[in-house]
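Quick notes on the structure that follows.
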Amino acid sequence: MTTLADSASDKDVMAFDAAFASQAAFRAVMNCMARPGTIATLKGIAAPAPFTPATAALVKSLADYDSPIWLDASFSAAPETADWIRFHTGAPLTADPAKAAFALIADPQAMPALTQFAQGSEEYPDRSTTLIIQVTSFSGPAFELTGPGIKTSRVIAIQSLPANFIDLMADNRELFPRGVDLILTAGTAIAALPRSLRIAEAR
């Protein structure tokens, strides 16, 4: 027979597991930011489509009531998305990408120009938008990365990015220390592309 004490204990375990998963996701994304182009695997969590498990884990870990979230058309078309975000994070939604702390993008081919998002300032570059972009997989077209956190160069393959992605990132880097940071997700995998990177086609 399940007692009240047993139920309380189960809830405590579930809360601990959720907190542990959130901390693990935070550490993983910080490690990926410090080592651009490396791929980490998260313990993803369930969320309504079009969330990937990794995107859901990141949103739950990073967002809170003080971090407005912008949704692309694919996320906005699913009413369950907004309900899930509000329930799990308390984060408000914004229709203005320039006011977003985070942007969720399920369709990279249709994403807005990076300059439409908050760029931060010279004094406060951290007040820019972090884009969480869902890609098909970490395979396909290969990109060579150079910059801080990379000893010489690093190659990462990414499927389903816009055809002009290299140009977009070059323009983004020109704004440094302003500009946006990107976190890519595919299933339970993540990789980060900070604004400081130089990106070229891999030879």
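The values are calculated or read from the model by the stated rules, or taken from the named source; none is laboratory data. This structure is a prediction, so every number in the text was calculated from the model and none was measured. Counting neighbours? That spans all protein chains shown, and the Cβs are built from the backbone with ideal geometry, glycine included.
For residues that are in contact with a Ser or Thr (Cβ under 7 Å, 6 or more places away or on another chain) and not in a strand (DSSP E or B), scanning just the range 174-192, find the one that is nearest to Gly44 (Cα to Cα). The extreme case among them is Thr188.
On the basis of being hydrophobic (A, V, I, L, M, F, W, C), closer than 25 Å to Leu58 by Cα, surrounded by fewer than 22 Cβ atoms within 10 Å (Cβ to Cβ) and at pLDDT 95 or above, does Ala170 make the cut? Here the answer is no, as Ala170 does not meet what is asked. For Asp181, indicate whether it is touching a helix residue (DSSP H, G or I) at 6+ places or on another chain (Cβ under 6 Å) and under 23 Å from Lys60 (Cα atoms). No: the conditions fail for Asp181. Restricting Ala46, Ala57 to those that are surrounded by 15 or more Cβ atoms within 10 Å (Cβ to Cβ), among the small types (Gly, Ala, Ser) and either at pLDDT below 95 or assigned to a helix (DSSP H, G or I) (or both) reduces the list to Ala57. For the range 67-102, the tally of residues that are assigned to a loop (DSSP other than H, G, I, E, B) and in contact (Cβ under 8 Å) with a residue 24 or more places away in the chain stands at 12.
Residue-level analysis places Thr129 among those that are in contact with a Gly (Cβ under 9 Å, 6 or more places away or on another chain), among the β-branched types (Val, Ile, Thr), modelled with pLDDT of 95 or more and closer than 20 Å to Thr55 by Cβ.
Just one residue in the set Ile156, Ile150 is touching a strand residue (DSSP E or B) at 6+ places or on another chain (Cβ under 8 Å), under 25 Å from Asn31 (Cα atoms) and either β-branched (Val, Ile, Thr) or modelled with pLDDT under 95 (or both); that residue is Ile156. Being surrounded by fewer than 18 Cβ atoms within 10 Å (Cβ to Cβ) and in contact with a Leu (Cβ under 9 Å, 6 or more places away or on another chain) is a property that Thr146 has. Name every residue in the range 84-105 that is surrounded by fewer than 16 Cβ atoms within 10 Å (Cβ to Cβ) and of a type in the set (Phe, Trp, Tyr), in order of residue number. Passing the criteria: only Phe87. Scan the range 126-143 for residues that are outside any strand (DSSP E or B) and either crowded, with 18+ Cβ neighbours inside 10 Å or of a type in the set (Phe, Trp, Tyr) (or both) and jot them down. Within the range 126-143, Thr129, Val135 qualify.
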